[in-house]
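First the structure, in the form of structure tokens, and then the observations on it.
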Amino acid sequence: MLELTFLGHSGFLLSDRTQTLAIDPFLTGNPVAKRTADEVECGFLALTHGHEDHMGDAVGIAKANDANVIAAFEICNYFGEQGHENTNPGNPGGKIDTDFGWIAFTQAFHSSSFEGRYMGMPCGLVVHMGGKTVYHMGDTALFSDMALIGEIYQPDVALVPIGDRFTMGPELATRAAELVKPKIAVPIHYDTWPGLSQDAATFAPDGVEVRVMAAEDTLLA
């Protein structure tokens, strides 16, 4: 069994009741977050890319938990410079085995920087944990190879950005979910700030169950 807890914006905690993985833990400065960074406990931490609204509290959380950081090569280098050496670098196309299963990096069409510094290629993350597979798309545009990602990994859950402006809006995100064909799709990266205001009801992929989550909601996959 796999438990997914939404931290708000694009952040999640994934737990198989033995190990916990944090993804994109942006809490400080996140107006929809309901917990603080020092309330996050995890043995692993994965990042889709380097933007502040994804990397946010990652360094502090990683240090506090001595978490193994799984991210692009350049992001892992940055963590090393911040005094956290427990890193596991990768890039799109690669897969890393872990104590709980594995994480594969996919492409994502976006950018990636932190405080003006290049942070490598943006990524999507496919996580296999607790016998389930979750595809966190990261921040991305629609691209046709999403169908191939769905065919290869057959995700149980897809976490799909719908905020528009910086990622897909609901209409393109709907097509993305239809290409991937997960059992469940969760809309993310919207309604955090006025510029990302969207009606989640317009995210309506055919043949896919949509679960709309608020911060601290939990989904059992």
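The values are calculated or read from the model by the stated rules, or taken from the named source; none is laboratory data. Only a predicted model underlies this, so the values are computations on that prediction, with no experimental measurement involved. Ideal geometry is used to build each Cβ from the backbone, glycine not excepted, and the neighbour counts take in all protein chains shown.
Residues are listed down the side, and each one gets a yes or a no for (1) at pLDDT below 95; (2) under 16 Å from the mean Cα position of the chain (by Cα); (3) more than 16 Å from V180 (Cα to Cα):
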position: N88; (1), (2), (3): no, no, yes
position: G101; (1), (2), (3): no, no, yes
position: F114; (1), (2), (3): no, no, yes
position: M129; (1), (2), (3): no, yes, yes
position: F143; (1), (2), (3): no, no, no
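Hey, could you check segment 151-163 for residues that are part of a loop (DSSP other than H, G, I, E, B) and touching a helix residue (DSSP H, G or I) at 6+ places or on another chain (Cβ under 7 Å) and say which is nearest to E209 (Cα to Cα)?
So the first thing to find is which residues in segment 151-163 are part of a loop (DSSP other than H, G, I, E, B), and the list is 154-156, 162-163.
Remaining after also requiring touching a helix residue (DSSP H, G or I) at 6+ places or on another chain (Cβ under 7 Å): 155, 162-163.
Details: P155: 13, I162: 16, G163: 19 Å.
Step by step, filter segment 151-163, then rank; the result is P155.
Name the one entry in T140, T174, T133 that is farther than 14 Å from F6 by Cβ, assigned to a strand (DSSP E or B) and either among the acidic types (D, E) or without any contact (Cβ under 8 Å) to a residue 40 or more places away in the chain (or both). Give the derivation first.
On the way: T140 fails: assigned to a strand (DSSP E or B); T174 fails: assigned to a strand (DSSP E or B).
Unique residue meeting the criteria: T133.
Taking P31 as the residue in question, decide whether it is surrounded by 23 or more Cβ atoms within 10 Å (Cβ to Cβ) and assigned to a loop (DSSP other than H, G, I, E, B).
Details: surrounded by 23 or more Cβ atoms within 10 Å (Cβ to Cβ): no; assigned to a loop (DSSP other than H, G, I, E, B): yes.
For P31, the condition - surrounded by 23 or more Cβ atoms within 10 Å (Cβ to Cβ) and assigned to a loop (DSSP other than H, G, I, E, B) - is not met.
What's the total number of residues in segment 13-24 that are within 15 Å of A71 (Cβ to Cβ) and either in a loop (DSSP other than H, G, I, E, B) or not small (G, A, S) (or both)?
Result for segment 13-24: 3.
Would you check if there is a residue in segment 46-57 being out of contact with any strand residue (DSSP E or B) (no Cβ under 7 Å at 6 or more places or on another chain), modelled with pLDDT of 95 or more and within 24 Å of T18 (Cα to Cα)?
Yes, that holds for at least one residue.
Look at segment 34-69 and say how many of its residues are over 22 Å from W193 (Cβ atoms), hydrophobic (A, V, I, L, M, F, W, C) and surrounded by fewer than 21 Cβ atoms within 10 Å (Cβ to Cβ).
So the count comes out to 2.
For segment 55-120, which fully contained strands (runs of 3 or more DSSP E) count at least 3 residues that are free of Cβ contacts under 8 Å to residues at least 40 places away in the same chain and more than 22 Å from H9 (Cα to Cα)? Break it down into steps so the answer makes sense when it comes.
Working: elements: 68-72, 87-90, 95-97, 101-107.
Ranges flagged: 87-90, 95-97.
Taking into account only those residues within segment 5-28 that are among the aliphatic types (A, V, I, L, M) and under 11 Å from the mean Cα position of the chain (by Cα), which is surrounded by the fewest Cβ atoms within 10 Å (Cβ to Cβ)? Before you say what the answer is, go through the steps one by one.
If we filter segment 5-28 for residues that are among the aliphatic types (A, V, I, L, M), which is where we start, we get 7, 13-14, 21-23, 27.
Among the residues that remain, those that are also under 11 Å from the mean Cα position of the chain (by Cα) are: 7, 13-14, 21-23.
Working: L7: 25, L13: 20, L14: 26, L21: 27, A22: 28, I23: 27.
Within segment 5-28, the match that is surrounded by the fewest Cβ atoms within 10 Å (Cβ to Cβ) is L13.
Of all residues in segment 154-166 being within 24 Å of H128 (Cβ to Cβ) and under 16 Å from the mean Cα position of the chain (by Cα), which is surrounded by the fewest Cβ atoms within 10 Å (Cβ to Cβ)? Please lay out each step first, then the result.
First, the residues of segment 154-166 that are within 24 Å of H128 (Cβ to Cβ): 154-161.
The next check asks that each one be under 16 Å from the mean Cα position of the chain (by Cα); those that pass are 155-161.
Details: P155: 24, D156: 17, V157: 24, A158: 31, L159: 28, V160: 30, P161: 28.
Only one residue fits best here, namely D156.
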